[in-house]
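To start, the structure under review is shown below, and the notes come after it.
The values are calculated or read from the model by the stated rules, or taken from the named source; none is laboratory data. If you're wondering where the values come from, they're calculated on a predicted model, not measured in any experiment. Using ideal geometry, Cβ is built from the backbone for each residue, glycine included, and neighbour counts are taken over all protein chains shown. For the accessible areas, the whole protein counts, side chains as well, though only heavy atoms, and no ligand, DNA or RNA atoms are used. Shrake-Rupley method; radii C 1.70, N 1.55, O 1.52, S 1.80 Å.
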Amino acid sequence: MSGFSEDMPFFDEPNARPAAPSGIAARAMAARSTQNSAPDYLKGLNPEQRLAVETTEGPVLVLAGAGTGKTRVLTTRIAHILATGRAFPSQILAVTFTNKAAREMKQRIGLLIGEGNVEGMPWLGTFHSIGVKLLRRHAELAGLKSDFTILDTDDVVRLIKQLIQAENLDDKRWPAKQFAQMIDNWKNKGLGPDEIPEGDARSFGNGKGRQLYKAYQERLQTLNTCDFGDLLYHPIRIFRAYPDVLKDYHRKFKYILVDEYQDTNTAQYMWLRLLAQRPNGGRASASADSRSAEGRKPDRASEPLRGPHGGPAPAGAEQPVSVNICCVGDDDQSIYGWRGAEVDNILRFDKDFPGATIIRLERNYRSTAHILGAASHLIAHNEGRFGKTLFTDRDDPEDDKVHVHAAWDSEEEARAVGEAIEAYQRQKHNLNDMAILVRASFQMRAFEDRFITLGLNYRVIGGPRFYERLEIRDALAFFRVVSNSGDDLAFERIVNVPKRGLGEATIRQIHDTARAMQIPMLEAAARLAESDELKPKPRAALREVAANFERWQKALETTPHTELAETILEESGYTDMWKNDRSAEAPGRLENLKELIRSMEEYESLRAFLEHVALVMEAEQGESLDAVSIMTLHSAKGLEFETVFLPGWEEGLFPHQRALDEGGRSGLEEERRLAYVGLTRAKKNLHIWFVSNRLIHGLWQSTIPSRFLDELPETHVDVADGGNSYGGYGNPYGGGAFASGRGGGRQNPYGASRFDNIGAKDQGSFSNTYATPGWQRAQANRTEATDRNWGTRSGHQVERIGYGETDSGYGAGRTSVKGRTIEGELVAKSVADTPSAFKLGDRVFHQKFGNGNIAAIDGNKLTIDFDKAGQKRVLDGFVTSV
DNA sequence: GTTGGCTACATTTTT
DNA sequence: TGTAGCCAAC
């Protein structure tokens, strides 16, 4: 039943501690016992870090502030467990959130313990990759075969769309994408179709939500596939339904480590608890030093699994005891609440794992005292946190304060940031050491434009990835069908690629046949090709397709997979299709296909490769180029840079209006944590910017400085760009003007911000950048540079890490302006319906663009021909009659 | 099967 | 304002 395979030798291991491993570990132990001095790997740890490493038994929560050596603690802890012979590698489970983190840990552990020296590695990976590993072993318990494939989000949406249509629902009214999101949310909470709240079920598809969810799960099963959520959800269900399976894992894993615990969602939490909590008296807790038993409080002990449907722990009435679980995280860096992460998981750790040791890492090795001071002061405005105060011994009077700058609008902001970067560059700073971290991706555009004109190398990180490119998906679809002929979604994607004259009608017919006979579409296609139900042309085409796949599937056993992959792309006519394509992207796509084949070499089989692609969506990129990084604050988590620029600190953008509207106070707190993450990325230099005018949805809006600026402590901040009255530092951090209630209706309740007047000095300088040659060149260049993933223009290089050809939308910003105060006036009303007080041809004045004549009026939106700035659309509230 | 015009929408994103 | 996605028309 348990289906353990050969690489789990521990079943024969004695119950007692394993014999000490060989190699470095043994030497470490020897060194320890003979000289009574710490082994090498412990050297250089501070006392808290060392405590976190050496407290191996019982539940431990390490609250690791930004830059306090979190990864080091985790990896050293693993090394320590191994070196002291507490466990074999295979008895350690280490979970991370991202592949990047997993990779980094693997590397570091390899360095610490010497790769060749230990038999096997710990189970180290992302929740999802470990989920796959588990699920492959017990696939049959989830109604799958062990060679199941993993669908990507695109497939999921297409599948759901089919189901919605099959239910005769209007797929416009009930968007598949939305439902996919709902399913994902449910799975993130560990909810199956029968467990979702009635309200949820009713809210979609004329009350057919539950039915659709069920149909979806059934469909996945017949296709022998999983979605991402299933990788967590199935193991949880298996653990619950088959206690003996779970028990095997209880015996297996003696030590569990979790990275970024603040980001766990409910499902991940359940998964962890199932693995970590075991029946009392079980031998699994034998190694515990009894701390966990002693300190147990009654409250949660009888409630083994929290959550709406957290059934009883498999062990029944026995009191659960947790293993040696060590979670590392930082509640102040929890920024993924919007996708289901529960900060609460970390805040409640000591209740969930009674008797937990909590260790704080507060000594920061990254940033200057000014940066830390600013960050700490800001984050202190949040309630509901463990409370940590980062400190550093560093005390260099040369260190710069945190700079706050004002700019008139986003262009000026980009220009000024560009200048600052060039200034640093002149002081021999590397571009690689600088980063611009934005709240929303639409902000990136201004910087890109500017840097292209300047010829400044930059690198955009984030966005759609390698595997999401059209040609990669197509190629993978071919491979998937070869690997799993039941993968109808992949089949549908490529039956008619390249074009073979198989239109909708034929595909429908294949579909229907497949459904009727309960066979995969590929097989149905093969049968149809042999029948006379089709017209000669599609029939011949199908016959060829079927013959191709049959041949490739046979070849799978005999041909090396890279070779086969190449053959498939050749024989299917796919490569030719792009070779014959004259469009600009075609060569790049062929290049990507080559890259794909090349990357397959590292994997031992086609299946292994497909799994890798499904789980690891990032394209690994060399960073040979010296370039400024531009990315969102979210993707900056975990990174550090010498110099950091944080533009766009304005109300509505940061904190984002939507976070405020939808998340209320907790939304605001998450935004604040995001700000904290941003601040703490900087090692030495930190520059924050805000503008007074921003173009949002094509309209110029006046903005007010972010409340977060007022939350920065005066002592560590230097407000740059002098020359104007900032109204002194009156009411610096406005004592909780917004600390109560959820945002309140009005946006600027702390009116007396010390930043209110900054930027005003620019009034009257109608910098007409649009008309400059520079701007126009930037426009022209932009298209060219962004069309390719790698644009090389006259020595200037642009790198897009993870960006595919779909340059996913710049347009973004704020959805609604309701309730938003602009220059002291509530705009909501005027946006809605108040007709403009102006007439066509009126002469008006605008702060940014100067004088002009009204060319068109659309409600309160005016199109104005400005004398200098050309035609612009602005809200009527921003112009005055002349 | 492609193309153009229309509409809806515009935060963050991993796996 | 920009764009993606969809449908109707060639």
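Data for the structure
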quantity	calculated
Largest-first ordering by accessible area, 1.4 Å probe, given options A:532, A:396	A:532, A:396
Part-to-part distance (alpha-carbon centres) for the range A:87-140 and the range A:465-536, which is given in Å	36
Reciprocal of mean inverse Cα separation for the range A:76-208 (Kirkwood radius, Å)	18.1
Loop-located trypsin sites (Lys or Arg not before Pro) in the range A:529-628, at most 14 other Cβ atoms within 10 Å (DSSP)	A:582
Rounded to the nearest 10 Å², the accessible area of residue A:151 at probe 1.4 Å	0
Portion, in percent, of the accessible area of the range A:128-261 that falls on carbon or sulfur, probe 1.4 Å	47
Karplus-derived 3J(HN,Hα), 6.51/-1.76/1.60, for each residue of the range A:593-605, Hz, glycine and proline x	5, 4, 4, 4, 4, 4, 5, 6, 4, 6, 10, 7, 8
Partners for residue A:70 among lysines (Cα-Cα distance below 25 Å; same-chain residues under 8 apart left out)	A:43, A:100, A:106, A:254, A:351, A:388, A:637, A:683, A:684
Burial ranking of peptide ranges A:555-568, A:203-216, A:261-274 (average Cβ count within 10 Å, highest at the top)	A:261-274, A:203-216, A:555-568
Partners for residue A:252 among lysines (Cα-Cα distance below 18 Å; same-chain residues under 8 apart left out)	A:133
Highest to lowest packing among A:231-241, A:133-143, scored as the average C-beta count within 10 Å	A:231-241, A:133-143
For residue A:652, distant residues with modelled amide H under 5 Å away	A:657
Distribution of pairwise C-alpha distances over the range A:573-661, 10 Å bins, in %	11, 25, 26, 23, 14, 0
